[in-house]
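Report on one structure; see the data block that follows.
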Amino acid sequence: MTPSTPLSAIVAALASQPSTWISAARAVPVAVACAVLGTLLGIWMVLGVPDVLALETTIALMTCGIGFFAALAMDWGLRRQGWWPRPARVFGSAVVIIVAGATLYAIPDHPDARLFPYIYWQAGAILMALYYALRPPKEAPEEKAHLIGWYAGERVLVSAAMGWGLATLLGGGIVVALLACDELLGLPVATEVYEIVWVLAYGIVWPMAFLVGATQAMPEEDHERPAVPERTPRWIAVAVTWALIPLALLYMAILYVYLVQIVLGVATDWGSIAALNAAYLGFGVGAHMAALPLARQGNWFAAFYRRVFPWTVPLPLLALAWAVWIRLFEYGITEARGLLIIAVIWLVLLCVAWLLKGQRAGPATPVGLLGILLVLGAQGPWGAPELSFLSQERALRGLLDQHGMLEDGRAVPAEDEVPKEDQRRLVHLLTYFHERGTNYRIAELFPDGEITAASRARALDLDVPAAMTTQQTLHIYADGAREVVPVSGFDTLVTVSFSESGERTAVFEDVASVTLDGTAVTVTLDGAEDSASLTLDLTPVIAAAFAAAEEDTDGEADRIGDRSLSLPRDVLTVETEGGPDGASARLAVETLRVRHDGVADGATLSHVSGTLLIARP
């Protein structure tokens, strides 16, 4: 602690924390509402959300994450323009959030289908909030406008980092205290309590601590903004001159060396460098932005880098564009490759802005361009998901046509053997649509009964390993609390548990050996022959689970995927009848995991646990 920060000032800051939180909530109420609602949803998910509400809860949680930053972007952007008063800005933020949530809800009920639009929107909302933080006030003097915006953005980022650190420190401290209560005082603490602590730390403490700093950096009245420092803070100068700029130059040198190797024929792999190339160039742009105040202050190293870096971008950018083109030509567009396409467009537009505006292109320009591209690329006919579907469908039809597997618009097995690589590619394409819940887009190619990637691959006689087909899991649990197991008529009770990674046979001395064999549990009584074994067939349980899962998905079997559900205990109980010499067995299943590819046929058991009752002759 330095003399310039007396203890009284720290105590005063801590004492005023509740009032600063209230002030932040009044400044951006929609963002605070998103944080509070997201925290409540997170706690609910920890405690257990009913299966029927799992989809809506997940979408609401995603919407809260997007809405928190979208509300900040709307508030700061509209306030800067001076268009709307605060109530109107609140209404506009709410409309944007409702539209985002409705669009996410309209996406097919598959995690992979909703993941990339969410990533695009979440990243876009964060960048748009940062963009408006970096934009200087409209009445700012031209010679200091960029510096005013830069320091506002820096204070917002520092507030985010400090708030995250505070939340981590507070959450970690409480967790350690709970562990001490458990270990030292013998007071048991449920696992859910630890998870709720972290949800509260990152769902309430971090957002509110961040908003306090952000509202101080971006007050309602521009004249209340903190003044621009006369000299760049030392920690910024050290970070920029000793870390960011040297690393950016090192990365750029590596890129140029690799380009020289390609020209000389030493290196030939273009496709694999695309993501690394984009990351290096993005880091360079960040260093270019960070060096602004030092360059304005007269630091020769920062000024040199800001002057030289824009002219070093075109050649690696050309290599990046060519690498992306090669990947698209070979495998088509996917949502992940859409990020690389956006990176190329972003860097091209940024180079144009630097060329046309020069030093007048402030630090907000790169952030705003990338944020807009991500928001636009999330959905719509021009969005990455839709372009990916069109590209992958075109690739699938092209491969089928290439091997004579299309007849009257229907996919049929090839007459000649299809090369292994093309078979794997076909399975990958079928899996792509299955994982995103969009099998309907290629349904016209297959019979009505073939609704999953695996069944369609089998219909085409594709000779591929089973691992190439997507396997998903149904997690089945007994409904309600554990009940008393009736034992009348049985003389032995044992608990059994099998998993695919462990032993599939359990031996109970002087009683029986129990084996999980496919979808059945076989009980061989001690001293009996295998032919006298008792078989507990779990196929009816699997069928009941799929029927319940299809009911949850409104009869759409291809949406079953990975799912948890509970069944009544009588449905999970199987029993043998007419065993040898009057022997019988009953299995009351507690948990069951079923590996499947969308249908009950061909499903396998990866885990079974429960209570086994045996009546010996």
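The values are calculated or read from the model by the stated rules, or taken from the named source; none is laboratory data. Remember, it's a predicted structure, so these values are computed and weren't measured experimentally. Positions of Cβ are backbone-derived with ideal geometry, glycine not excepted, and every protein chain shown enters the neighbour counts. The protein model used for the area step is the full one, side chains on, heavy atoms only, and it has no ligands, DNA or RNA in it. Shrake-Rupley method; radii C 1.70, N 1.55, O 1.52, S 1.80 Å.
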So for the range 586-600 (the condition being open to solvent by less than 50 Å² (accessible area, probe 1.4 Å), modelled with pLDDT under 75 and among the polar types (S, T, N, Q)), does at least one residue qualify? no
For the range 486-499, pairs from a residue that is without any contact (Cβ under 8 Å) to a residue 12 or more places away in the chain and farther than 24 Å from Thr519 by Cα to a residue that is in a strand (DSSP E or B) and open to solvent by less than 80 Å² (accessible area, probe 1.4 Å), with Cβ under 9 Å and 6 or more apart or across chains, are Pro486/Arg586; Pro486/Leu613
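Going by what's in this entry, would Ala457 be described as modelled with pLDDT of 75 or more, assigned to a helix (DSSP H, G or I) and surrounded by 16 or more Cβ atoms within 10 Å (Cβ to Cβ)? It would help to see each step written out before you state the result.
Numbers: modelled with pLDDT of 75 or more: yes; assigned to a helix (DSSP H, G or I): yes; surrounded by 16 or more Cβ atoms within 10 Å (Cβ to Cβ): yes.
Yes: the conditions hold for Ala457.
Would you say Phe309 is open to solvent by 20 Å² or more (accessible area, probe 1.4 Å), of a type in the set (Phe, Trp, Tyr) and under 25 Å from Arg360 (Cβ atoms)? Working first, answer last.
Numbers: open to solvent by 20 Å² or more (accessible area, probe 1.4 Å): no; of a type in the set (Phe, Trp, Tyr): yes; under 25 Å from Arg360 (Cβ atoms): yes.
No: the conditions fail for Phe309.
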Exactly one of Glu407, Glu444 is farther than 30 Å from Lys138 by Cβ, acidic (Asp, Glu) and touching a Gly at 6+ places or on another chain (Cβ under 9 Å), and that one is Glu444
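Kindly provide the set of residues from the range 383-398 that are within 24 Å of the chain's Cα centre (by Cα) and open to solvent by less than 40 Å² (accessible area, probe 1.4 Å), ordered by number. Spell out the reasoning first.
Taking the range 383-398 first, the residues within 24 Å of the chain's Cα centre (by Cα) are 383-392.
Across the range 383-398, the qualifying residues are Gly383, Ala384, Pro385, Ser388, Phe389, Ser391, Gln392.
If I ask for residues that are in a helix (DSSP H, G or I) and on the phi > 0 side of the Ramachandran plot, which ones from the range 350-397 would you list?
Initially, the range 350-397 is screened for residues in a helix (DSSP H, G or I), giving 350-360, 364-376, 384-397.
Of everything in the range 350-397, just one residue is in a helix (DSSP H, G or I) and on the phi > 0 side of the Ramachandran plot, namely Gly358.
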Do we have Val189 as assigned to a loop (DSSP other than H, G, I, E, B), open to solvent by 30 Å² or more (accessible area, probe 1.4 Å), touching a Phe, Trp or Tyr at 6+ places or on another chain (Cβ under 6 Å) and more than 16 Å from Ala27 (Cβ to Cβ) here? no
Those residues of the range 290-301 which are of a type in the set (A, V, I, L, M, F, W, C) and within 13 Å of Arg231 (Cβ to Cβ) amount to Leu294
Exactly one of Val412, Val427 is among the β-branched types (Val, Ile, Thr), touching a strand residue (DSSP E or B) at 6+ places or on another chain (Cβ under 9 Å) and modelled with pLDDT of 85 or more, and that residue is Val412
Take Leu170 and tell me if it is without any contact (Cβ under 8 Å) to a residue 40 or more places away in the chain and assigned by the TED database to the domain that holds Ala24. yes
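I'd like to verify a number: residues in the range 73-89 that are of a type outside the set (Lys, Arg), over 28 Å from the mean Cα position of the chain (by Cα) and surrounded by 15 or more Cβ atoms within 10 Å (Cβ to Cβ), how many?
If we filter the range 73-89 for residues that are of a type outside the set (Lys, Arg), which is where we start, we get 73-78, 81-85, 87-88.
From what is left, the residues that are over 28 Å from the mean Cα position of the chain (by Cα) are 78, 81-85, 87-88.
Narrowing the set further to residues that are surrounded by 15 or more Cβ atoms within 10 Å (Cβ to Cβ) leaves 78, 84.
The number of residues fulfilling the criteria is 2.
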With the first residue restricted to the range 506-525 and required to be assigned by the TED database to the domain that holds Val594, and the second required to be of a type in the set (Gly, Ala, Ser) and open to solvent by less than 10 Å² (accessible area, probe 1.4 Å), Cβ contacts under 7 Å at 6 or more apart or on different chains are Val523/Ala512; Val523/Ala585; Thr524/Ala512; Leu525/Ala512; Leu525/Ala583
- [ ] Inspect all residues belonging to the range 322-340 and state whether any of them is assigned to a helix (DSSP H, G or I), open to solvent by less than 50 Å² (accessible area, probe 1.4 Å) and polar (S, T, N, Q).
- [x] no
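Could you look through the range 399-421, keep only residues that are open to solvent by less than 40 Å² (accessible area, probe 1.4 Å) and out of contact with any Lys or Arg (no Cβ under 9 Å at 6 or more places or on another chain), and pick out the one that is farthest from Trp76 (Cα to Cα)? If you could, list the steps in order and put the result at the bottom.
As a first pass, look at the range 399-421 and keep what is open to solvent by less than 40 Å² (accessible area, probe 1.4 Å): 399-400, 405, 411-412, 414, 418.
Those still in the list that are out of contact with any Lys or Arg (no Cβ under 9 Å at 6 or more places or on another chain) too: 400, 405, 412, 414, 418.
On the way: Leu400: 52, Met405: 56, Val412: 57, Ala414: 60, Val418: 58 Å.
Within the range 399-421, the match that is farthest from Trp76 (Cα to Cα) is Ala414.
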Of Ala145, Ala123, the only residue that is at pLDDT below 90 and either acidic (Asp, Glu) or buried (at least 17 other Cβ atoms within 10 Å of the Cβ) (or both) is Ala145
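Taking the range 93-114, which residues are at pLDDT 85 or above and either in contact with a helix residue (DSSP H, G or I) (Cβ under 8 Å, 6 or more places away or on another chain) or within 23 Å of Phe433 (Cα to Cα) (or both)? Let's see the steps before the verdict.
Step one: list which residues in the range 93-114 are at pLDDT 85 or above, which gives 93-105.
Ser93, Ala94, Val96, Ile97, Ala100, Gly101, Ala102, Thr103, Leu104, Tyr105 - these are the residues of the range 93-114 that are at pLDDT 85 or above and either in contact with a helix residue (DSSP H, G or I) (Cβ under 8 Å, 6 or more places away or on another chain) or within 23 Å of Phe433 (Cα to Cα) (or both).
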